[in-house]
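**Q** Let me begin by handing over the structure; questions about it come next.
The values are calculated or read from the model by the stated rules, or taken from the named source; none is laboratory data. Just so we're clear, the structure is a prediction, and the values are computed from it rather than from any experiment. Virtual Cβ from ideal backbone geometry, glycine too; neighbours counted across all protein chains shown. Note: accessible area is taken over every heavy atom of the protein model, side chains too, but ligands, DNA and RNA are not part of it. Shrake-Rupley method; radii C 1.70, N 1.55, O 1.52, S 1.80 Å.
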Amino acid sequence: MIELRPFETLGSANHGWLQANHHFSFAGYHDPARVNWGSLRVWNDDTIAPKSGFPTHPHNDMEIITYVRTGAITHRDSMGNEGRTEAGDVQVMSAGTGVQHSEFNLEDEDTTLFQLWIIPSERGGAPSWGARKFPKDARSGQFVPLASGFANDDDALPIRTDARVLGATVKAGESVTYTPADPSRHLYMVPATGKVRVEDVEAKARDGIAITQLASVTVTALEDSELVLVDAA
């Protein structure tokens with residue numbers, strides 16, 4: 001099954017400093033058909049104005065992965081962590097028993113990002129945070145794990161859930177294939193840039209593609225594309 005979720009059909013909210021678009025029910029947007037996709041609970045597509053951001057607020061029992069598309073985001077938390085994550089790179093926060101954090105765009109330009117929330121396999125545990133650079137050249141023509149709860153994804157940021165977040169860059173006319181461990185898993189893919197085709201479904205930048213019950217997925221780039229894919233239980 002492949003279901004296209006065009007960007008224009010997503011939930012949205014304009015807060016002035018924040019333009020938020022929601023692939024799944026979030027905050028004031030609720031669609032009973034789009035509450036989650038397996039353990040993937042949130043996929044927000046945010047544009048944050050310069051010198052603004054999310055003031056300190058709490059989280060618990062959620063794996064929160066931030067993929068920066070343009071600009072940079074600066075994170076501070078109650079564990080004493082502070083870091084700046086730039087375009088193409090990733091940060092992960094395992095909220096565990098509870099953490100407070102802030103996220104600000106301290107740059108002179110808009111920051112755009114995808115923020116994903118994945119339900120953890122178990123509740124509790126000490127909170128943690130980490131970030132890493134993921135050069136786009138290293139994922140040219142292949143899906144590379146960026147954050148993962150899989151045992152063998154050693155180079156990915158760890159998350160405490162049966163899921164992985166992957167990235168790929170694909171040149172126009174070329175294809176990349178992903179094979180989940182089991183066809184029953186829930187795949188969700190969004191092109192950060194470009195335009196792609198999955199079987200007979202075409203998707204443009206920021207559209208969502210929900211996939212399940214396929215033994216493998218081949219993505220053909222109709223334009224140079226940057227892809228983010230979640231494989232969730």
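**Q** Exactly one of these conditions fails for Q100: (1) in contact with a helix residue (DSSP H, G or I) (Cβ under 8 Å, 6 or more places away or on another chain); (2) surrounded by fewer than 20 Cβ atoms within 10 Å (Cβ to Cβ). Give me its number.
**A** For Q100, the exception is condition (1).
**Q** Here's another thing I want to ask about it. So is G125 on the phi > 0 side of the Ramachandran plot, surrounded by fewer than 19 Cβ atoms within 10 Å (Cβ to Cβ) and either in contact with a strand residue (DSSP E or B) (Cβ under 9 Å, 6 or more places away or on another chain) or in a strand (DSSP E or B) (or both) or not?
**A** yes
**Q** Does R76 fit the bill of being open to solvent by 30 Å² or more (accessible area, probe 1.4 Å), within 17 Å of the chain's Cα centre (by Cα) and of a type in the set (K, R)? Break it down into steps so the answer makes sense when it comes.
**A** Working: open to solvent by 30 Å² or more (accessible area, probe 1.4 Å): yes; within 17 Å of the chain's Cα centre (by Cα): no; of a type in the set (K, R): yes.
When the stated conditions are applied, R76 does not pass them.
**Q** Please go through the range 203-226 and pick out each residue that is touching a residue at least 60 places away in the same chain (Cβ under 8 Å) and not in a loop (DSSP other than H, G, I, E, B).
**A** A203, K204, G208, I209, A210, I211, E226
**Q** Mind checking which pairs have a first residue in the range 156-176 that is without any contact (Cβ under 8 Å) to a residue 24 or more places away in the chain and a second that is outside any loop (DSSP other than H, G, I, E, B) and open to solvent by less than 40 Å² (accessible area, probe 1.4 Å), Cβ under 6 Å, 6 or more apart or different chains?
**A** Every condition considered, the pairs that remain are A156/P145; A156/L146; A156/A147; A156/S148.
**Q** Moving on. Would you mind listing the strands (runs of 3 or more DSSP E) fully within the range 1-44 where at least 3 residues are over 15 Å from the mean Cα position of the chain (by Cα) and either within 20 Å of R69 (Cβ to Cβ) or charged (D, E, K, R) (or both)?
**A** 11-14
**Q** On the basis of being in contact with a Ser or Thr (Cβ under 7 Å, 6 or more places away or on another chain), assigned to a strand (DSSP E or B) and open to solvent by 60 Å² or more (accessible area, probe 1.4 Å), does T177 make the cut?
**A** yes
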